[in-house]
Every structure is written in C-alpha cells, then in structure tokens.
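The numbers here are math on the coordinates, done by the rules we state, and not lab data. Quick caveat, the model's predicted, so the values are computed rather than measured. Glycine also receives a Cβ, built like all others from the backbone with ideal geometry; neighbour counts cover every protein chain displayed.
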Amino acid sequence: MSPVLGGVMPSSLTTGIGAELTAVVRRAFVPKMIYNHSVKSTPLLSALISNAQMASGGVSSVTQPIQGSNFVNHQWSDYSGSFNQPATVPAATNAEFNLKLSVVPIPFLGMEGLVQQGHEIINLCEARMNDAEIMIRDAFATALFSNSTNTAQIVGLPAYVDDSTNVAAYGNITRTSSSHYWAAKYIANGVPTAPSRAQVSVYINTLAKYTGERPNMGIMGFGTWTKLQADLMGIETIQRRPGEANLDGQVGFEAIMVGGVPFFPDPYCPEGTLYLLNTNYMGLHFHESAAYAFNGFQSTIPGGQIGYVGVVVTLVEFVGVKPKCNMQIGNMSYENI
C-alpha cells in the first residue's frame, strides 16, 4: 500500500525528496488493532454467560430432573382426622441435553514468526487468538436466535420458547397435552401488532397469570424496540431547575421499563419477534475441560508445510429448564432502521 499524499508530505512520493522520504522513513503505526467486523454485543448472550454453569462428560451430559405434576394430593378432613389412602403418583422426568462442539482453527505460518520477530507492529498470532473469541461469541449469539433443528449447534430460543407450534420436542421431552408444563406461551398474532406499553403490559400479565412468575427480561430487535420506544417518547418530561444547567429526564432509553420488566434491543433477534424471558431458569453450560480451551500449536510438517495450527475448543449448550415461564410473540410491527 502506498503512503497517502497530502498534509505535510511532498506532492509526489515517487520522485525527488518524496521518494527519498519513503525509502528512509517508517510509517507512524498505531500499535493497536481496531476491530471493524460486523460482530455486535448482545444482551441475551451476556445474561446467559452470567448464568453459566459447568458440565462434565457422559451421555446426555446435562440432565435436569423435571417435576411435571404433583407427587401428592391435598385433602380436607374433619374432627375424625380421616383421609383417603394416598396413591403413588409418578411426576418426574428428565430433560436431557448434549453439549455441542465449537471449534476455531488458528493458523500460524512457519515463516510468519521469523519475519515478525523483533519487528512486529501487531502480533498476528495474538490478533488471531483475540479474533477467535469474538467469532465464538458471534456464533453463539446467532444460533441462540435462529437454530431449532440443527443438532450440531446450540439449540436456542426458537425451540425453548415454544408451545409445539413450531418445535414439538425440547430437551428430549415431547410437548403433549400431558406435558403442558413443558410448553411456553406462544402468540403468533394474525395481524401486525404494535409493541405499545399497553400491549406489552397485557403480555407480561398474561405470562405472570399463566406461571405465577413475572418475566425479568424482554428481548426484541432494534426496529421493534424503536417502535416501543416511540410509544414512550411523547410522555417524557424534562424539568429545568433555576440556576442549574442539568436536566431531569432523558431523551431515548437504554432499557425500557414496562411493569417492572426491562426491555432490551438485541441485534440478533429477528425483527417483529418479542421474547419475554425468565433468565433464572436458563443459561449456558460449558464442559469443565473445554470452555474456550486452546490445545496448543501442532506442527503442520506431516501435511507437507512448515507451520503450525491450533484449535480453540468449546463444548457448550444452551439449557432452559422451565419453558412455561417464557413467552414468544410474533408478527409485531417494527421500524425499518
């Protein structure tokens, strides 16, 4: 790449003093790699990592016992204290999950290290290692909102937050009339519905009535979230205090609170979809020996090339164990942004 013209540089860098300068003066590099790829931060992944747990090996390496009905029944009695003999009622089953394998190969050419030694501005090996973690998180965030059928990848919200409309089984438990406890609330919306304060409150209350628990997080795409934000922008107040420059109030929101539930925009969430989530019952499970584990560089000489290759290995799965505490709402209107 040729040096840029203009500024304090001569008008020509190929002749005269300009050519001399380019021959004897180095570029003034900033020794920092600025990432410009399209990977984005995501509230959902942050919440799931904060709830992360360790898993080990074995078949169905994450197995969670689930109580789907009552083991005992209540009875009223009288002064005699008599009651009907209780029956043994089976009420337990297992939700089972297999960890998924995430791999990021890291190349390191043989001559690359020798050329860079003592003269590197950016250590390419370190840059690739940093990029590996970014790529892993991007793959996780994408699968969490998109995958419900590919069993080689993380199975995400489309499978977990469903009532069998789209996904009949989750965690090796099939959603049937007898396993209604394993069904989330799913509202398809036949016509586009605006995500207003009033409408979102209805969804929150519907889910709380259904489960007895309130969701603690709402997730939607940025366009859908912007539509909801517009419903609140008109009622914001800004109060001026005499003699003070600061203002009480804000224009726009980092998170929108409706009924005590914070709503966040997530760049990976499909537009027009709203998820009401209870994150107390979900998280990522990492293998205790393979959570962003690097196996070290191995020689590629047996393959006929001087160099090395390493692999960042992660065994992980998204695990949710109480689907009924969540809701998925579809066909919501959104802003085209």
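Helix 222-233 and the long axis of the chain differ in direction by around 70°, with both axes built from C-alpha atoms. Remark on THR300: its backbone amide H falls under 5 Å from those of GLY307, TYR308, VAL309, a criterion applied only to residues 5 or more positions apart or on other chains, H modelled at 1.01 Å from N. Distance between the modelled labels on MET111 and MET257, one decimal in nanometres: 6.2 nm (7 Å Cα→Cβ projection). Cross-link check: pairs LYS32/LYS227; LYS100/LYS227; LYS40/LYS227; LYS227/LYS324; LYS100/LYS324 evaluated at a Cα-Cα cut-off of 30 Å; pairs beyond the cut-off: LYS32/LYS227; LYS100/LYS227.
A cut-off of 5 Å between modelled amide H atoms, ignoring neighbours fewer than 5 places along the same chain, links PHE294 with VAL313. Using the average count of surrounding beta-carbon atoms within 10 Å as a protection proxy, the listed peptides 2-10, 258-266 rank, highest first, as 258-266, 2-10. The region of the chain that goes longest without hitting one of the GluC sites (Glu not before Pro) in a DSSP loop, each with at most 15 other Cβ atoms within 10 Å, is 1-119. Given their separation in residues at 0.36 nm each and the Cα-Cα distance between them, SER60 and THR165 gain 35.3 nm when the chain is fully extended. Extension gain, TRP76 to ALA139: 0.36 nm times the residue separation minus the Cα-Cα distance gives 17.2 nm. With the convex hull of the Cα atoms taken as the outline of the range 100-237, the averaged projected area works out to 14.6 nm².
Give the calculated FRET efficiency between ALA291 and ILE122 to the nearest 0.05, with a Förster radius of 30 Å applied to their Cβ-Cβ distance.
Values: r = 27 Å, r/R0 = 0.90.
The computed FRET efficiency comes out at 0.65.
Taking the Kirkwood radius as Rh and the Cα radius of gyration as Rg, the range 6-95 has a ratio of Rg/Rh equal to 1.61.
Could you tell me which trypsin sites (Lys or Arg not before Pro) in the range 1-52 are loop residues by DSSP with no more than 10 other beta carbons within 10 angstrom of their beta carbon? Don't skip to the end; give the middle numbers.
Working: sites: ARG26, ARG27, LYS32, LYS40; in loops: ARG26, ARG27, LYS32, LYS40.
Counting only loop positions with at most 10 other Cβ atoms within 10 Å, the trypsin sites (Lys or Arg not before Pro) in the range 1-52 are ARG26, ARG27, LYS32.
Calculate the translational D of the range 54-160 in whole µm² s⁻¹ from Stokes-Einstein, where the hydrodynamic radius comes from the Kirkwood formula applied to all Cα pairs, the temperature is 25 °C and the viscosity 0.890 mPa s. Spell out each step's value before the answer.
Values: Rh = 19.7 Å.
Answer, rounded: 125 µm²/s.
Close amide-amide hydrogen proximity is noted between ALA169 and ARG175, each under 5 Å apart and 5 or more residues distant or on a separate chain (H modeled in the peptide plane; Pro and chain starts excluded). Listed values for the range 94-107 are Karplus-derived 3J(HN,Hα) couplings in whole Hz (6.51 cos²θ - 1.76 cosθ + 1.60, θ = phi - 60°), namely 10, 8, 10, 9, 9, 5, 10, 9, 10, 10, 10, x, 10, x, and x replaces Gly and Pro. Backbone phi angles across the range 163-176, fed through the Karplus curve with coefficients 6.51, -1.76 and 1.60 (θ = phi - 60°), yield HN-Hα couplings of 10, 5, 4, 10, 10, 7, 10, 8, x, 6, 10, 7, 7, 10 Hz in residue order; Gly and Pro are listed as x.
Report the extension gain between SER146 and SER2 in nm, rounded to one decimal, defined as 0.36 nm multiplied by the number of residues separating them, less their alpha carbon distance. The partial results should precede the final answer.
Details: separation 144, 0.36 × 144 = 51.84 nm, distance 4.32 nm.
Length gained between SER146 and SER2: 47.5 nm.
Sequence-ordered 3J(HN,Hα) estimates for the range 12-21 from the Karplus curve with 6.51, -1.76 and 1.60 and θ = phi - 60° stand at 10, 10, 10, 9, x, 5, x, 5, 5, 4 Hz, glycine and proline given as x.
Per the Debye calculation on the chain with a single equal scatterer at every Cα and no solvent contribution, log₁₀ I(q)/I(0) for q = 0.10 Å⁻¹ amounts to -0.81.
Suppose a student asked you for the relative contact order of the chain, using Cα pairs under 8 Å spaced at least 6 residues apart; what percent would you report? The partial results should precede the final answer.
On the way: 581 pairs, mean separation 81.7, N = 337.
This gives 24 percent for the chain.
For ASN278, the shell of other residues with beta-carbons less than 13 Å away shows a net charge of +3, using +1 for Lys and Arg and -1 for Asp and Glu.
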